[in-house]
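Here the structure is laid out as structure tokens; the discussion comes afterwards.
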Amino acid sequence: MNPQEVIRAYNGSDAQMAEYARVAHNLLISDLTKFTTFDSTITAAFTTQFLTAVTNAETVVADTAVIDIQVQKTELIQTAMEKAKGKYADVKYFVQKAFPLSVATQNEFGLNDYERARKSSTQMIQFLDEMSKACVKYQTQLVAKGFTAPAIAEIQTIRTELQTANTNQEVFKKQRPKLTEDRITILNTCYEYVVQINAAAQRVYKDDYAKQKQFVYNSSISTSNIIEFSGEVTANSTKNVGTVAFSTDNIFTFRNVGLVPLVFCLSTTNEVQGIEVAIGGGAALSKSSEELNANGTFILVKNTDTASSGLYQIEVDN
């Protein structure tokens, strides 16, 4: 049998479902005798198991470890990339000093390829390797102009740091679907108790409509004015995901629920403008309208990855 994708068994947010599950558990406890009389398996032991499922679900909702790990790994890549860019600037200085009249020699060090490499950690790893080889080849001339041998050797150290950070992130990307699946399984287990108790309540309170309704999970109930947007943005593109009336009270929560980095912004046109909010895979960030772009009404999401699509969720609390 082929494995099946694990998906959420309920509508609404995880937090909303977990919150209602605890309410349902408390309702069950308050009238347990009636439930046990109707269904002998719904006992005190059953309520303990139900409570455990609720607690596990609440822990999953509150647990930001997966997001934190993703952010941490992204930050390690960014740190290594900054070191690589700094090292390139040093190399460029000494190369132009040593070979001021030879563009061909300068290009052996990658001066004509840097703009491409600086946009991708994968390309930067290769770029550093080629730059290191060129520096070793012309080490005598570079040292004569003041570029030390340890500074040249550091290129490979930075390359190794970047390669390790990049590899670790790619491994985590492969592992993350399993981590997400495990979390969904825990949440679905909790919801199964909610469904079972609701079904029993409809019979226990067959003559009491008000009590029946208490046990029905309603994902549409909301006490705040939240507008939600979610979807996919294809590789190397910018998407207008929706519009909102400008208000200084608007709070935007941007979530990157995919793997590739995304950029969020509030614009007055279909072009990226104002403050660009870059968010790595699995991370989230909140900003007010005034922090983003005064008078902006278009919500844009930009995916700079050239190969993979990105996934986003946006909440606007007004």
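The values are calculated or read from the model by the stated rules, or taken from the named source; none is laboratory data. None of the values given here were measured: they were computed from a predicted structure. Counting neighbours? That spans all protein chains shown, and the Cβs are built from the backbone with ideal geometry, glycine included. What goes into the accessible areas is simple: the full protein's heavy atoms, side chains included, and nothing from ligands, DNA or RNA. Shrake-Rupley method; radii C 1.70, N 1.55, O 1.52, S 1.80 Å.
Quick rundown of the values:
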| read-out | value |
| --- | --- |
| With every protein chain in place, the chain: carbon and sulfur % of accessible area (1.4 Å) | 51 |
| Net charge dipole size for the chain [Lys, Arg +1 and Asp, Glu -1 on Cβ; Debye, nearest 20] | 800 |
| Farthest positive-ward along segment 271-318 dipole, Cα basis, beta-carbon charges - from Asn293, Gly310, Val277 | Gly310 |
| Net charge of neighbours whose Cβ lies under 13 Å from the Cβ of Glu271, counting Lys and Arg as +1 and Asp and Glu as -1 | +1 |
| Check: segment 261-318 dipole with +1 on Lys, Arg Cβ and -1 on Asp, Glu Cβ, in debye | 120 |
| Angle between the chain longest axis and helix 121-137 axis [Cα atoms, degrees, rounded to 10] | 20 |
| Diffusion constant of segment 188-258 at 20 °C, which comes from Stokes-Einstein with the Kirkwood Cα-pair radius and 1.002 mPa s, µm²/s | 129 |
| Evaluated at q = 0.14, 0.28, 0.33 Å⁻¹: base-10 log I(q)/I(0), Debye formula over Cα of segment 276-318 | -0.39, -1.31, -1.55 |
| Positive dipole terminus of the chain, leading residue within Ile158, Val95, Tyr193 (C-beta point charges) | Val95 |
| Paired Rg and Dmax values of segment 13-141, which use every Cα atom, in angstrom | 30.7, 94 |
| MRE, 222 nm, helices only [DSSP H, n ≥ 4, -39500 (n - 2.57), over the chain, to nearest 500] | -18500 deg cm²/dmol |
| Radius of gyration and Dmax over the Cα atoms of segment 213-318, both given in Å | 14.6, 50 |
| Fraction of the pair-distance distribution of segment 111-160 above 13 Å, Cα-Cα pairs, percent | 58 |
| Positive-end residue, the chain charge dipole about Cα centroid, Cβ charges, pick of Ile29, Phe254, Leu51 | Phe254 |
| Proximal lysines to Lys73, defined as alpha-carbon separation beneath 29 angstrom and excluding residues fewer than eight positions away on the same chain | Lys83, Lys85, Lys87, Lys92, Lys119, Lys133, Lys173, Lys174, Lys178, Lys239, Lys287, Lys302 |
| Volume in Å³ per residue [convex hull over Cα atoms, computed for segment 97-194] | 108 |
| Between helix 44-62 and the chain: long-axis angle, C-alpha atoms, 0 to 90°, nearest 10 | 30 |
| Degrees separating the helix 149-204 axis from the principal Cα axis of the chain, which is the longest one | 10 |
| Among (i) 25.4; (ii) 23.2; (iii) 17.1, the entry that matches mean projected area of the Cα convex hull in nm² as calculated here | (ii) |
